[in-house]
Amino acid sequence: MSSFVQSLRLWFAPQRIRDEGETPDYRFSLANERTFLAWIRTALALVGGGFAVDQFLPDLRWGVRVGFALALLGAGVLCALRAVNHWVRCERAMRRGEDLPVSRFPTVLSLAVAVVALAMVLVILFDWTGR
Amino acid sequence: MPARDPGLQPERTRLAWRRTTLTCTIVAVLAAKSAIRDEVTAAGLAGAALTALVWVGFLAVAHRRIHALDAARPGPLSRRGALFAAACTVALAALAVAVVL
């Protein structure tokens, strides 16, 4: 947890990172940036999914619909925040010549998306529409 | 020093920004459409205006970054740019929560 707080401080301190270690090959920084953008797109897709659930499944019971939408939106927010965090940590690791950080996040996110998708299939299949 | 990276890293990064901008546009359209449903209300209009603001902000950041990538050896993305891109996503999610509830 303390490492998370530490990297949280790094989010807002541009000089801190620039002073550390050596500037990596710009191609590595650009690759890191593209990975960051891919995560942002994933986050945007999850947020879009939240809007879509709310708009295109009007027959669902209110609680079920809101639950699905909030699950997707929450995952989107987490994904965006973790995108910045991971980008900062990778950039710092490259400057210090350390190994890139490993993380459980991709596994957790895929499992969460799988659970939401399965729940949606079940709800729509068994027509738990509250009517 | 070659004028152009043979691996086309800046171009690939530029295209990644374009893809992300496109995704942001789609989500922003969904958001504006959700904010203004059947009847136009003050809250709906405010939501749509906020969405437009977020979208324009993202567009500006992407444009600046794409411009910066024109250099033969572009510098890394700024912390502010990364934070702003994430903040736009979070803002759209917050709008969605307001629409859903």
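The values are calculated or read from the model by the stated rules, or taken from the named source; none is laboratory data. Please read all numbers here as calculations on a predicted model, not as lab measurements. Cβ placement follows ideal geometry from the backbone for every residue including glycine, while neighbour counts extend to all protein chains displayed. The accessibility values were calculated without ligands, DNA or RNA, using every heavy atom of the protein model including side chains. Shrake-Rupley method; radii C 1.70, N 1.55, O 1.52, S 1.80 Å.
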Simple spin-label estimate for B:Asp70 and B:Leu22 in nanometres, 7 Å along Cα-Cβ:
2.3 nm
Heavy atoms only, 1.4 Å probe, whole protein assembly: order B:His67, A:His86 by accessible area, highest first.
B:His67, A:His86
Using a 1.4 angstrom probe and counting only protein chains, how large is the accessible area of B:Asp70 in Å², to 10?
90 Å²
May I ask you to list, by number, the DSSP H helices of chain B whose Cα span along the axis is at least 18 Å and whose average Kyte-Doolittle hydropathy reaches 1.6 or more?
B:79-100
Chain B: equivalent-ellipsoid semi-axes (sqrt of 5 x gyration tensor eigenvalues, Cα, Å):
34, 12, 10
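I'd like the mean, over residues of B:80-87, of how many other protein chain beta carbons sit within 10 Å of each residue's own Cβ. Spell out each step's value before the answer.
Details: counts 3, 2, 10, 5, 1, 9, 14, 3.
The per-residue average across the peptide is 6.
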Please report, as a whole percent, how much of the solvent-accessible surface of chain A comes from carbon and sulfur atoms (probe radius 1.4 Å).
64 percent
Chain B, relative contact order in percent, only Cα pairs under 8 angstrom and at least six apart counted
35 percent
In what order, largest first, do A:Val47, A:Val113 sit by accessible area if the probe radius is 1.4 Å?
A:Val113, A:Val47
How big is D for the range A:1-126, in µm² s⁻¹ as a whole number, if Stokes-Einstein is applied with the Kirkwood radius of its Cα pairs at 20 °C and 1.002 mPa s?
130 µm²/s
Total formal charge among the other residues, if their Cβ is under 11 angstrom from that of A:Gln55, Lys/Arg +1 and Asp/Glu -1:
+2
Heads up, I need the accessible area for A:Met94: 1.4 angstrom probe, whole protein in place, Å², nearest 10.
40 Å²
In what sequence, largest accessible area first, do A:Thr107, B:Thr89, A:Thr42 appear using a 1.4 Å probe?
A:Thr107, A:Thr42, B:Thr89
Using a Gaussian network model of chain B whose springs link C-alpha atoms within less than 10 Å, name the residue from B:Val29, B:Val54, B:Val40 with the highest mean-square fluctuation.
B:Val40
Per the Cα gyration tensor, the protein assembly as shown corresponds to an equivalent ellipsoid with semi-axes, largest first in Å, of 35, 20, 15
